Amino acid sequence: MPTIAQARSKGERAEAPVPEAQARPPRRRRQRSGAAYVFLSPWLIGASLLTVGPMLASLYLAFTDYDLFNTPRWVGLQNFERMFTQDDRYWNSVWVTLKFALVSVPLKLAAALGVALLLNKPRRGTGFYRSAFYAPSLLGASVSVALVWRSLFGSNGVVDDFLGIFGIHIGSMVDQPRYALLTVIALAIWQFGAPMVIFLAGLKQVPNELYEAAALDGAGPVRRFFSVTLPMITPVLLFNLVLEIIQAFQSFTGAFVIGSGRGGPSDSALLYTLYLYQRGFNNFEMGYASAMAWVLLVVIAIITVLLFRSSRKWVFYAGEGTR
Amino acid sequence: MSVQAATPAPSVTGTERRGLTVRTVLWHVAVTALVLVLMYPVLWLVSSSFKPADEVLSNLALLPDHGTTSNYSQVFGGVAGYSVWQYFGNSLLVSGLAVIGNVLSCALAGYVFGRLKFRGRGPLFAFMIATIMLPHHVVLIPQYIIFQKLDMVNTFWPLVLPKFFATEAFFVFLMVQFVRGLPKELDESATIDGCGPFRTFWYVILPLLRPAVITTSIFTFIWTWNDFFSQLIYLNDPSKFTLPLALQIYVDQTSQSAFGPMFAMSVLALVPIGLFFVAFQRFLVDGVSTSGLKG
């Protein structure tokens with residue numbers, strides 16, 4: 001993302017209209033530039049007062065001890081030291097979040113791609129099915145569905161009864177440290193509709209000739225999937241992967257509600273953002289919470305950059321290179 | 001699997017056609033079964049909201065043995081001291097204002113970035129794009145402090161005001177993309193006819209932006225309606241609670257026996273989303289597939 005933006009900004013600077021030397025630019029252009037800034041003023045105010053300013057402020061607060069009532073006290077690196085070396089709950093939340101992301105994102109994308117392949121047929125009703133599969137993505141972020149989840153996976157819940165048919169008796173999954181996070185992961189996977197719709201759009205772009213050529217060469221369905229479909233949709237896969245990982249790291253509502261607001265039994269579903277919330281808004285340790293937020297930002301940025309870097313090795317852009 | 005169907009069907013003889021039909025039927029059966037499994041939690045929720053207290057957990061069937069609306073009447077009678085309508089109204093007010101704010105501010109910013117030439121456009125545009133990826137948590141605490149200093153905590157302002165300043169860069173980007181797709185001749189001829197930039201925006205661009213405006217409105221509404229984190233942080237007086245907050249508080253306060261009313265309230269919280277979905281599913285799904293908006 002940043003690279004695209006930079007490239008664009010460079011391109012546009014080249015065509016920037018008003019050279020310094022020109023003492024009096026044409027009247028219309030000046031008017032327009034003025035109008036542009038007037039129109040942009042809501043965004044400018046928002047960007048400076050609600051984004052840049054707060055970002056810098058939280059960077060400052062990360063190095064302070066601040067409880068919202070007394071003035072912030074500069075403590076240097078103390079918050080980070082405590083976070084990295086003394087806070088077991090912090091590391092637990094990191095671990096829980098990693099587990100959550102590493103399990104839920106691949107499974108969610110696999111489900112999304114699988115169903116997208118199933119729906120990628122010129123058949124009657126695909127539009128309806130597409131919408132139906134997408135619906136959970138809209139509903140899943142709500143407290144309502146998280147509450148349903150708590151009941152479904154709770155004691156005497158539907159899932160427990162269902163597993164009982166196979167002789168598996170776990171009891172209430174949401175109340176056991178071993179399983180609580182699994183239920184949150186299940187809720188995330190349930191919302192595979194949004195990446196599925198994006199995959200479908202990508203699948204539509206794969207030219208039919210490629211399949212025909214592959215079929216003529218004697219490639220079966222499996223071979224055609226791995227040699228044609230998968231390489232052709234790697235750009236979409238990258239897009240979905242980046243978006244889902246960023247989302248997974250910031251996931252909150254499901255874990256909050258399913259874990260009864262505490263992060264589940266013995267912190268087993270204490271996602272990073274949940275812990276940040278507890279530190280900031282239950283304990284009023286705003287400095288510590290700000291430090292946590294900045295670590296999150298840096299980690300997300302690093303992961304995004306690494307994904308884009310690695311993409312040179314595995315993302316195939318048709319129209320470039322080997323074609 | 002999909003690959004086979006993607007190749008255009010060759011001229012079909014009788015037997016082949018029968019083969020295809022069987023396959024089509026099987027496909028429909030499989031996909032419908034998947035949809036049903038996926039929708040089960042929602043169906044279960046709706047049915048549970050009509051079950052009497054002793055049935056909610058013991059009866060796993062989707063149809064209640066003795067259907068009742070008592071859960072709903074209990075919820076309408078009052079939750080945490082206020083009728084559910086109050087929470088419903090609060091949610092509606094916050095979501096409605098958020099829609100107005102987002103549409104106006106993002107359309108304006110999108111028009112400027114997509115059409116007008118001005119100094120500093122490149123860097124500003126790059127910054128706008130970068131903020132799409134910014135995790136909200138980095139600005140969360142200072143924003144909270146700002147609203148606290150303005151004495152706006154426990155009002156709807158912190159939830160609504162930022163939307164009027166185009167802070168949701170994704171929608172700005174959506175608008176930019178759309179504005180770029182509009183033929184330039186239109187606003188040029190408006191300029192020749194003597195329209196200034198503002199009138200050009202209001203009478204020429206904004207009406208043409210309709211699809212992007214609709215997409216922005218729907219997603220803003222649903223996201224704000226579902227939003228839990230900001231509402232949890234900023235609202236603490238029950239009379240100001242939105243539906244998600246009221247639900248969570250209700251669950252915390254009541255014992256296990258009150259599942260029925262809880263589900264009734266959950267259904268009410270999902271009704272607007274369901275209505276939006278049924279009415280605008282095309283826009284929703286197309287919005288996702290063309291711009292990568294997340295549901």
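Does segment A:164-200 hold any residues that are assigned to a helix (DSSP H, G or I) and either touching an Asp or Glu at 6+ places or on another chain (Cβ under 6 Å) or more than 13 Å from every other protein chain (Cβ to nearest Cβ) (or both), and which are they?
Matches in segment A:164-200: A:MET173, A:ALA180, A:LEU181, A:LEU182, A:VAL184, A:ILE185.
One residue stands out among those in segment A:138-148 that are within 15 Å of A:ALA194 (Cα to Cα) and in contact (Cβ under 8 Å) with a residue 60 or more places away in the chain: the one that is surrounded by the most Cβ atoms within 10 Å (Cβ to Cβ), which is A:ALA141. Residues in segment B:149-173 that are out of contact with any helix residue (DSSP H, G or I) (no Cβ under 9 Å at 6 or more places or on another chain) and not acidic (Asp, Glu): B:LYS149 only.
Would it be correct to say that A:PHE308 is touching a helix residue (DSSP H, G or I) at 6+ places or on another chain (Cβ under 8 Å), within 11 Å of chain B (Cβ to nearest Cβ) and not basic (Lys, Arg)? Spell out the reasoning first.
Numbers: touching a helix residue (DSSP H, G or I) at 6+ places or on another chain (Cβ under 8 Å): yes; within 11 Å of chain B (Cβ to nearest Cβ): no; not basic (Lys, Arg): yes.
In short, no.
Total residues in segment B:32-52 satisfying the condition of being in a helix (DSSP H, G or I) and either within 18 Å of B:LEU247 (Cβ to Cβ) or assigned by TED's automatic domain parsing to the domain that holds B:GLY260 (or both): the figure is 6. For B:TRP223, the requirement of being surrounded by fewer than 21 Cβ atoms within 10 Å (Cβ to Cβ) and within 8 Å of chain A (Cβ to nearest Cβ) is met. The condition (being within 9 Å of another protein chain (Cβ to nearest Cβ) and of a type in the set (S, T, N, Q)) is satisfied by just one residue among A:SER251, A:SER260: A:SER260. Considering (1) assigned to a helix (DSSP H, G or I); (2) surrounded by fewer than 17 Cβ atoms within 10 Å (Cβ to Cβ), the lone condition that A:SER155 does not fulfil carries the number (1). Scanning for something over 30 Å from B:THR242 (Cβ atoms) and facing another protein chain (nearest Cβ under 7 Å), does segment A:142-153 turn up at least one residue? Checked against the condition, which is being over 30 Å from B:THR242 (Cβ atoms) and facing another protein chain (nearest Cβ under 7 Å), segment A:142-153 yields no hits at all.
Note on segment A:204-323: enclosed helices (runs of 4 or more DSSP H) holding 1 or more residues that are of a type in the set (A, V, I, L, M) and crowded, with 18+ Cβ neighbours inside 10 Å are A:208-216, A:234-249, A:253-258, A:272-277, A:286-314.
Take the conditions (1) without any contact (Cβ under 8 Å) to a residue 24 or more places away in the chain; (2) out of contact with any Phe, Trp or Tyr (no Cβ under 8 Å at 6 or more places or on another chain); B:PHE198 misses just one of them, which is (2).
Which of the following residues is under 22 Å from B:ASN90 (Cβ atoms) and crowded, with 20+ Cβ neighbours inside 10 Å: B:ILE233, B:ILE249, B:ILE218? Don't jump to the end; show me each part of the working.
Details: B:ILE233 fails: crowded, with 20+ Cβ neighbours inside 10 Å; B:ILE249 fails: crowded, with 20+ Cβ neighbours inside 10 Å.
Answer to the selection: B:ILE218.
Of all residues being in contact (Cβ under 8 Å) with a residue 60 or more places away in the chain and surrounded by fewer than 22 Cβ atoms within 10 Å (Cβ to Cβ) in segment B:107-135, which is farthest from the other protein chains (Cβ to nearest Cβ)? Just the residue, please. Restricting to residues being in contact (Cβ under 8 Å) with a residue 60 or more places away in the chain and surrounded by fewer than 22 Cβ atoms within 10 Å (Cβ to Cβ), the top hit is B:GLY114. Among the residues of segment A:218-248, those identified as without any contact (Cβ under 8 Å) to a residue 24 or more places away in the chain and either more than 9 Å from every other protein chain (Cβ to nearest Cβ) or farther than 21 Å from A:SER104 by Cβ (or both) are A:GLY218, A:ALA219, A:GLY220, A:PRO221, A:VAL222, A:ARG223, A:ARG224, A:PHE226, A:SER227, A:VAL228, A:LEU230.
The values are calculated or read from the model by the stated rules, or taken from the named source; none is laboratory data. None of these values were measured; they are calculated from a predicted model. We place every Cβ from the backbone using ideal geometry, glycine too, and count neighbours over all the protein chains shown.
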